[in-house]
Amino acid sequence: MIKRLQNRIAESRYALPVTAFYAILIWLTAGLVSQQWWVQFGCFVLSAWMMMQLNNENLLIRIYSRLVSCAYLAITCAAVFLFPSRSGALMQMGAALALYLLWHSYQDRDSVGWTFYTFLCLGIGSIIQSQVLYYLPAFWIMMAWFIFSLSWRTFFASLLGLLTPYWFCLPYYVYQGEDSLALLSSHLSSLFDIVSRPDYTMLNLSQLTFLGFLVVLFVIGAIHFILTSYKDKIRVRQIYYSFIMVAIYSLLLVVVQPQCYDMVIRVLILVVSPIVAHFFALTHTRLTNILFIVIIIMALLFTGYNLWMSSSLF
């Protein structure tokens, strides 16, 4: 088997350190210090670490490769316009942690603890951004069809985990002398702000082109995985099929409700990164090598363009 550039990079022990150094440079150039984006950067680092742990503990790629983490770092840095949002960064970190925790309950219908902690992350995320609750059906589908952990016990554990953050917040607001029920209803009211005619004009060129870039990566990676999934272990197949399901769910959500773009795009980055990493790590043809180079160039161009449009230095 010929080892092409994509394979040498995918299997290199230096790929992750080099990509991490590149990511730090992008953050610094975008305004990490001048804009005081320390919380956002911390969430970015922790999310990348959880993606690495998800890969290591589940062997998402059947060869030695750090490409899952590298793909996450590179794709996230291509979306520089996401850097300023503190709430978005916290939500993405919570989603990454929820995905990581959920797979600890694989084929265990009595895993109430892991289920509770998974939905606790979603509950905390929903306090930051209420639209996170749109992903509840996706997580329950994952538990039922891919993880095989859904039972009455784990279902009620998920509800308990989801509600726990609110039980802590509401007494605090009561203590502060505020109308807790009014605040709660106001916070959750955005869930019902469903538009009958989606307005895509609210999305700018950078957002639309980056979404298209993610769709291309997803389609390429998903088709390859579906055709070659028989080579992977059952657990790995289930993980990737769940990622594909969440990606499709996210795309449908952003098509129907484009106002959820900032949340959906972060979830898409989380699930598309392993899918495209699997593709490039396990293919070795001349065509895929050319495609690998083209994708890298596109990612660099997106990064440069979004950096130019978003950075305070320009």
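The values are calculated or read from the model by the stated rules, or taken from the named source; none is laboratory data. Quick caveat, the model's predicted, so the values are computed rather than measured. Please note: Cβ atoms are built from the backbone with ideal geometry, for glycine as well, and neighbour counts cover all protein chains shown. Note: accessible area is taken over every heavy atom of the protein model, side chains too, but ligands, DNA and RNA are not part of it. Shrake-Rupley method; radii C 1.70, N 1.55, O 1.52, S 1.80 Å.
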Inset, instruction - Kindly indicate whether any position in segment 276-283 is under 22 Å from the mean Cα position of the chain (by Cα), more than 25 Å from Phe44 (Cα to Cα) and of a type in the set (S, T, N, Q). - result: no
Inset, instruction - Please indicate, with yes or no, whether at least one residue in segment 34-42 is among the polar types (S, T, N, Q), touching a residue at least 40 places away in the same chain (Cβ under 8 Å), open to solvent by 60 Å² or more (accessible area, probe 1.4 Å) and out of contact with any Pro (no Cβ under 8 Å at 6 or more places or on another chain). - result: yes
Inset, instruction - Inspect all residues belonging to segment 195-208 and state whether any of them is in a helix (DSSP H, G or I), open to solvent by 50 Å² or more (accessible area, probe 1.4 Å) and in contact with a Gly (Cβ under 7 Å, 6 or more places away or on another chain). - result: no
Legend entry - Hits in segment 19-33 (condition: crowded, with 16+ Cβ neighbours inside 10 Å and more than 16 Å from Ala78 (Cβ to Cβ)): Gly31, Leu32
Legend entry - Matching residues, segment 237-252, being open to solvent by 10 Å² or more (accessible area, probe 1.4 Å) and closer than 26 Å to His104 by Cβ: Arg237, Gln238, Tyr241, Ile244, Met245, Ile248, Tyr249
Inset, instruction - Select, from Asn306, Asn289, the only residue that is in contact with a Ser or Thr (Cβ under 6 Å, 6 or more places away or on another chain) and either open to solvent by less than 60 Å² (accessible area, probe 1.4 Å) or under 19 Å from Ala71 (Cα atoms) (or both). - result: Asn306
Legend entry - Checklist (1) out of contact with any Lys or Arg (no Cβ under 7 Å at 6 or more places or on another chain); (2) surrounded by fewer than 20 Cβ atoms within 10 Å (Cβ to Cβ) applied to Leu16, failing item: (1)
Legend entry - Evaluation of Ser186 against (1) open to solvent by 70 Å² or more (accessible area, probe 1.4 Å); (2) under 22 Å from Met263 (Cα atoms); (3) at pLDDT 95 or above (one fails), failing number: (3)
Legend entry - Residue selected from segment 77-110 under the condition among the polar types (S, T, N, Q) and buried (at least 23 other Cβ atoms within 10 Å of the Cβ), by the criterion farthest from Lys231 (Cα to Cα): Gln92
Inset, instruction - Being open to solvent by less than 20 Å² (accessible area, probe 1.4 Å), assigned to a helix (DSSP H, G or I), modelled with pLDDT under 95 and polar (S, T, N, Q) is the filter here, so list the residues in segment 43-68 that pass it. - result: Asn55, Asn58
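Residue-by-condition table, conditions (1) touching an Asp or Glu at 6+ places or on another chain (Cβ under 9 Å); (2) of a type in the set (Val, Ile, Thr); (3) over 23 Å from Leu282 (Cα atoms):
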site: Gln35; (1), (2), (3): no, no, yes
site: Leu46; (1), (2), (3): no, no, yes
site: Tyr64; (1), (2), (3): yes, no, no
site: Leu102; (1), (2), (3): no, no, yes
site: Ser111; (1), (2), (3): no, no, yes
site: Gly123; (1), (2), (3): no, no, yes
site: Ile127; (1), (2), (3): no, yes, yes
Inset, instruction - Please indicate, with yes or no, whether at least one residue in segment 257-268 is under 28 Å from Trp140 (Cβ atoms), open to solvent by 30 Å² or more (accessible area, probe 1.4 Å) and at pLDDT 90 or above. - result: yes
Inset, instruction - Go through (1) over 19 Å from the mean Cα position of the chain (by Cα); (2) open to solvent by 40 Å² or more (accessible area, probe 1.4 Å) one by one and return the number of the condition Ile127 breaks. - result: (1)
Legend entry - segment 207-224 residues that are farther than 19 Å from Tyr261 by Cβ, paired with ones that are open to solvent by 30 Å² or more (accessible area, probe 1.4 Å) (beta carbon under 9 Å, 6 or more apart): Ile220/Leu291; Ala222/Ile248; His224/Leu282
